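In what follows, a structure is listed as structure tokens, so that the remarks can point back to it.
The values are calculated or read from the model by the stated rules, or taken from the named source; none is laboratory data. These numbers come from a predicted model, not from an experiment. Virtual Cβ from ideal backbone geometry, glycine too; neighbours counted across all protein chains shown.
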Amino acid sequence: MTLAPTFGDTPPDFGRQIVWLKVFFFLILSVLLLRLWYLQVISGEEYRQKSEKNHTSLSEIPTQRGLILDRQGQVLVENQINYDLYVTPNEVTQPQELSSQIARLIGRDPGELNKKFASLAKKQKHNAHLWLSGLTRADLVSLRTRHYELEGVTIQINSVRRPTKENFAPHIIGFLGEISPKQLGEEPYLGLKQGALVGQSGVEQSLESQLHGQKGQRLTTVDSHGRILEELKVDYPQPGHNIRLTLDSRLQRVAQSLLAEKAGAIVVMDPRNFEILALASSPTFNLHDFVGGISAERWKSLTEDPFRPMENRAVGGQYPPGSTFKIAVALTALNEGVITPETAFHCGGAVFLGASRFGCWARGGHGTVNLKRSLKESCDVYYYEVGRRLGVDRLANGVRRYFGLGRTLGVDLKAERAGLVPDQVWKQRRFGKPWNFGETLPVSIGQGYLLTTPLQVAQFTAVAANGGTLYRPHLVKEIVDYEGRLVRRVEPEAINHMDLRPDYFQSVRKSLDAVVNEAGGTGRRGQIPGVRVSGKTGTSQVISLDRYQIYSRGGTLPWKYREHAWFTAYAPSENPEVVVTVLLEHAGGGGANSAPLAAKLLHAYFNASVDTNLMPPYQVQPDKPTGWRGEL
């Protein structure tokens, strides 16, 4: 008889199933608990940050760099919208794949992209670095459509600097480049990040703190795809200040055209306040090469060019000033009481110091020479005698104090160099040898160890023109904010005033007038119709006379051994309002080569409607032939 199971009995198989079911649920619960523990404890911080990132986003709002304008208010450099691709290296897990993907989207070389990424990855990996600049709108659309797949990549709308005039004043305006690690910790770059574009030359560099402005920030709520849900906070950007320069665009164009195919510099300055009206240096470069970033090949060609197109010769080129320096020597000697305008010396063609002969450019000599004739005919012997009486230390101290030589005066360009005014202490420190008395004589005529910049020659010319006041030369006229409110107006800053008898000053000025306007003057090719010009020629040797004679015996003198040609002038003679200084490297005589260029520029200054390219040659023929050194 079979008994039916009762209600409370459990079949053996079913009991085992319950046990396994409990084990199964226990395992699932354990896995879930372990996963929860891992997410909260081990990876909690990471996911917390990702969660925050998914919910809030802090982005920069680019600012506008200040404009650079000329003295009439014409814009010289403007801002243009630019689309740039940035990458944060530590957010990229597969660089080669990312490079290939971007290359497919915008038609670039994946190898070049990967190479650039590798160089960026060597920098601070947690910062965003500029990867590609100057993207087109088509590039922008392609990247935006796949942006969610491009890890570590952001697209920023920036502005690039674009000159408004072709090949205009590149050494003055300057160019932008990515901030260097050294600059990051310096004024005026504090607060800027790696990848920022800052001025690397010219006014763009020297006035960086005024020009760059301040970026804004936007805090938003976004979803996991980066779509903005809500704007939480906005700090609007502050545009940079606009800079109005003292530069006269018309005169700058004339100066640059006069230097075409030449190596040299031209400085045009107002002697009444030392405002710089034009500052040209040649050879030169094109600022448009730097728009959106210069190529490595082009940069290499510029920096390795033996003619140094990147150098601002007007403020940074250092040359013996030749006989233009006689202006400074004469004024210093008069001020020191060493000579008077009537003091005369005999020039027989040379002076002798022991066994050494110091010749005058006029081999036959000038005869009896006073101050006026010494400047008009540029007699070397006269200034040898003045140098003997002054001594190198008094001469050096005088030209440093009265004319700002041997130091920088702060012309709003970091390319400015100090030149060199030698004295006894300098030679002992430099060579460990005492000064020889015979070394004073070449310095007295602008040779020897003496070095000046074209700007410094313009400085002592302007001091002679205005009656003895040395101002700080400047390129900036005023600074205004983006709403047009005046931030700062640059006023003339007097550094020193030469307390010289007015009649002595007048004697020097009459002598400089004679250089250009009287028979026998070495600068007669500096004349222009309708305006009386005063000036001084100069021809500075770059090798010794002995070496010169060796090379010249072999025929044509190599270009690099030829003399530099100087002419410095002011006008009108009776009431000066403009100074023009011209330097031509290795061009020969200053009177024959530099004076005609100065004449053209002065003619352009006083005749605004004249097309200087069609100007007749107003040069006056010299009264007599010159020696091997040309007109001094």
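Quick one: ILE172 ticks every box in (1) out of contact with any Gly (no Cβ under 7 Å at 6 or more places or on another chain); (2) closer than 30 Å to LEU247 by Cα except a single one, so which number is it? Failing condition for ILE172: (1).
For the stretch 403-419, state whether one or more residues are surrounded by fewer than 21 Cβ atoms within 10 Å (Cβ to Cβ), more than 26 Å from the chain's Cα centre (by Cα) and in the same structural domain as SER507 (by TED's automatic domain parsing). No: the stretch 403-419 contains no residue that is surrounded by fewer than 21 Cβ atoms within 10 Å (Cβ to Cβ), more than 26 Å from the chain's Cα centre (by Cα) and in the same structural domain as SER507 (by TED's automatic domain parsing).
Please find, among GLU60, GLU45, the residue that is under 30 Å from ARG161 (Cβ atoms) and modelled with pLDDT under 75. Full working, then the answer.
Numbers: GLU45 fails: under 30 Å from ARG161 (Cβ atoms).
Exactly one residue qualifies, and that residue is GLU60.
Cβ-Cβ distances below 6 Å connect the following pairs, each with a first residue in the stretch 303-315 that is part of a loop (DSSP other than H, G, I, E, B), a second residue that is of a type in the set (Phe, Trp, Tyr), and a separation of six or more residues or different chains: PRO309/PHE285. Within the set GLY467, GLY484, the sole residue that is touching a helix residue (DSSP H, G or I) at 6+ places or on another chain (Cβ under 6 Å), small (Gly, Ala, Ser) and surrounded by fewer than 19 Cβ atoms within 10 Å (Cβ to Cβ) turns out to be GLY467.
Kindly indicate whether ARG489 is basic (Lys, Arg), in contact with a Lys or Arg (Cβ under 8 Å, 6 or more places away or on another chain) and assigned by TED's automatic domain parsing to the domain that holds ILE276. Here the answer is yes, as ARG489 does meet what is asked.
Here's the yes/no breakdown for (1) crowded, with 16+ Cβ neighbours inside 10 Å; (2) touching a helix residue (DSSP H, G or I) at 6+ places or on another chain (Cβ under 9 Å); (3) in a helix (DSSP H, G or I):
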{"position": "GLN156", "(1), (2), (3)": "yes, no, no"}
{"position": "LYS165", "(1), (2), (3)": "yes, yes, no"}
{"position": "GLU187", "(1), (2), (3)": "no, yes, no"}
{"position": "LYS193", "(1), (2), (3)": "no, yes, no"}
{"position": "VAL203", "(1), (2), (3)": "yes, yes, yes"}
{"position": "SER209", "(1), (2), (3)": "no, no, yes"}
{"position": "GLU231", "(1), (2), (3)": "no, no, no"}
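State which residue is surrounded by the fewest Cβ atoms within 10 Å (Cβ to Cβ) when the search covers only the stretch 125-154 and only residues that are under 28 Å from GLY174 (Cα atoms) and among the polar types (S, T, N, Q). That would be THR136. Within the option set ARG357, ARG389, being more than 13 Å from ILE445 (Cα to Cα) and either in a helix (DSSP H, G or I) or not assigned by TED's automatic domain parsing to the domain that holds VAL457 (or both) holds for one residue only, ARG389. Looking only at the stretch 273-288, residues that are polar (S, T, N, Q), in contact with a His (Cβ under 9 Å, 6 or more places away or on another chain) and either under 12 Å from ALA169 (Cα atoms) or buried (at least 24 other Cβ atoms within 10 Å of the Cβ) (or both) come to 2 in all.
Of all residues in the stretch 335-371, those that are within 39 Å of the chain's Cα centre (by Cα) and surrounded by fewer than 23 Cβ atoms within 10 Å (Cβ to Cβ) total 2. It is to be established whether one or more residues within the stretch 559-573 are assigned to a loop (DSSP other than H, G, I, E, B) and modelled with pLDDT of 95 or more. Within the stretch 559-573, one or more residues are assigned to a loop (DSSP other than H, G, I, E, B) and modelled with pLDDT of 95 or more. Residues considered: ILE339, ILE327, ILE294. Of these, the only one that is of a type in the set (Val, Ile, Thr) and outside any loop (DSSP other than H, G, I, E, B) is ILE327.
Could you please give the count of residues in the stretch 515-529 that are touching a His at 6+ places or on another chain (Cβ under 9 Å) and in a loop (DSSP other than H, G, I, E, B)? Give the derivation first.
Residues of the stretch 515-529 touching a His at 6+ places or on another chain (Cβ under 9 Å): 528-529.
Imposing the further condition that a residue be in a loop (DSSP other than H, G, I, E, B) reduces the set to 529.
The number of residues fulfilling the criteria is 1.
What about ASP481, is it more than 19 Å from TYR570 (Cβ to Cβ), in contact with a strand residue (DSSP E or B) (Cβ under 8 Å, 6 or more places away or on another chain), at pLDDT below 95 and not hydroxyl-bearing (Ser, Thr, Tyr)? Answer is yes for this residue. Sub-6 Å Cβ pairs linking a first residue in the stretch 457-483 that is more than 26 Å from VAL508 (Cα to Cα) to a second residue that is of a type in the set (Lys, Arg), at least 6 apart or interchain, are LYS477/ARG71; LYS477/ARG244; GLU478/ARG244; GLU478/ARG489; ILE479/ARG488, ordered by first then second residue.
Sub-7 Å Cβ pairs linking a first residue in the stretch 190-202 that is more than 15 Å from THR63 (Cα to Cα) and not assigned by TED's automatic domain parsing to the domain that holds GLY66 to a second residue that is β-branched (Val, Ile, Thr) and part of a strand (DSSP E or B), at least 6 apart or interchain, number zero.
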